[in-house]
1. Which of the residues belonging to the stretch 79-104 are at pLDDT below 50 and in a loop (DSSP other than H, G, I, E, B)?
2. Just to be sure I understand, how many residues within the stretch 94-138 are open to solvent by less than 40 Å² (accessible area, probe 1.4 Å), free of Cβ contacts under 8 Å to residues at least 60 places away in the same chain and either of a type in the set (Asp, Glu) or touching a Lys or Arg at 6+ places or on another chain (Cβ under 6 Å) (or both)?
3. So, in the stretch 141-178, how many residues would count as being in a loop (DSSP other than H, G, I, E, B) and either without any contact (Cβ under 8 Å) to a residue 60 or more places away in the chain or closer than 15 Å to residue 195 by Cα (or both)?
4. Out of the residues in the stretch 38-53 meeting the condition of being in contact with a Ser or Thr (Cβ under 8 Å, 6 or more places away or on another chain) and within 23 Å of residue 171 (Cβ to Cβ), tell me which one is surrounded by the fewest Cβ atoms within 10 Å (Cβ to Cβ).
5. How many residues are open to solvent by 10 Å² or more (accessible area, probe 1.4 Å) and either within 15 Å of residue 119 (Cα to Cα) or in contact with a strand residue (DSSP E or B) (Cβ under 7 Å, 6 or more places away or on another chain) (or both) when one looks only at the stretch 149-184?
6. State which residue is farthest from the chain's Cα centre (by Cα) when the search covers only the stretch 1-16 and only residues that are modelled with pLDDT of 50 or more, farther than 13 Å from residue 60 by Cα and open to solvent by less than 70 Å² (accessible area, probe 1.4 Å).
7. Residue under question is residue 189, and the condition is that it be open to solvent by 60 Å² or more (accessible area, probe 1.4 Å) and in a helix (DSSP H, G or I); does it hold?
8. Condition first: assigned to a helix (DSSP H, G or I) and of a type in the set (Asp, Glu). Now tell me which residues in the stretch 129-140 satisfy that.
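The values are calculated or read from the model by the stated rules, or taken from the named source; none is laboratory data. Quick caveat: nothing in here was measured; it's all calculated off a predicted structure. Cβ placement follows ideal geometry from the backbone for every residue including glycine, while neighbour counts extend to all protein chains displayed. Side chains are part of the model used for accessible areas, which takes the heavy atoms of the whole protein and leaves out ligands, DNA and RNA. Shrake-Rupley method; radii C 1.70, N 1.55, O 1.52, S 1.80 Å.
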Amino acid sequence: MRSQHNPDPLHGITLQVLLQELVDHFGWPTLAQKINLNCFANDPSLKSSLKFLRKTPWARNKVEQLYLSYLKEQQEQTQSPYQPKTKNMPLKTFLNTVKADKHVSFAETQTIINECYDYTPTTFSNGIGEQAVTNEAGSNEGSCKIFAFAQLNQLTPAQTLNLFGDYYHDEVLKDPEGTSHQNIRNFILSGWQGIQFTADNTLVLK
């Protein structure tokens, strides 16, 4: 949760959340091109990258600077009536907006979830048959939170996809043959039939 009273855009954002969002947005190959680190280029994983970044200040600084640039681009692309006042918007109002098929951003969705729910990292699978992808607990947390939130609030597949904001509307729909954002692409194909959580307490209202 970002405080309006703290000018630091990284205030309250953990390194894990920051890196996960960059990976979800760029993918490991592009991330490795933008920041030349072995942990991004050779058999990358969130766990190994976090371990390296936490003990290597100069590398962490590069990642944080990329994240700040990414945030700036997102803010320029999507000027929302909820920003920066999302935290004052009731959950019910947000849900009504989504159910009215009005666009919301990924950042808005994550802010609402983080402020209204306690989150427990949970393993979940997405897809059917050979196309299924298993997301281990602690990985792809943005997708994990969105699917759990949408299930709890009985959202339709279309409403759920809207919660991904520009990741869905621009980066997936405008690149139908692409391979980025695999959780979104699998959900488009399989819908709720393909979503399985290993526990039912991923999100609990505060």
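1. Across the stretch 79-104, the qualifying residues are 79, 80, 81, 82, 83, 84, 85.
2. Number satisfying all stated conditions: 1.
3. Going through the stretch 141-178 one residue at a time, the tally reaches 11.
4. Pass one, the stretch 38-53, residues in contact with a Ser or Thr (Cβ under 8 Å, 6 or more places away or on another chain): 39-40, 46.
From what is left, the residues that are within 23 Å of residue 171 (Cβ to Cβ) are 40, 46.
Details: 40: 25, 46: 17.
Selected residue: 46.
5. Matching residues across the stretch 149-184 total 4.
6. The initial filter retains those residues of the stretch 1-16 that are modelled with pLDDT of 50 or more, namely 6-16.
Filter again for farther than 13 Å from residue 60 by Cα, leaving 6-9, 11-13.
Checking which are open to solvent by less than 70 Å² (accessible area, probe 1.4 Å) leaves us with 6, 9, 12-13.
Details: 6: 23, 9: 17, 12: 16, 13: 13 Å.
Among residues in the stretch 1-16 that are modelled with pLDDT of 50 or more, farther than 13 Å from residue 60 by Cα and open to solvent by less than 70 Å² (accessible area, probe 1.4 Å), the one farthest from the chain's Cα centre (by Cα) is 6.
7. Details: open to solvent by 60 Å² or more (accessible area, probe 1.4 Å): yes; in a helix (DSSP H, G or I): yes.
Against the criterion (open to solvent by 60 Å² or more (accessible area, probe 1.4 Å) and in a helix (DSSP H, G or I)), residue 189 qualifies.
8. Within the stretch 129-140, the first condition is being assigned to a helix (DSSP H, G or I), and the residues that meet it are 129-131.
Matches in the stretch 129-140: 130 only.
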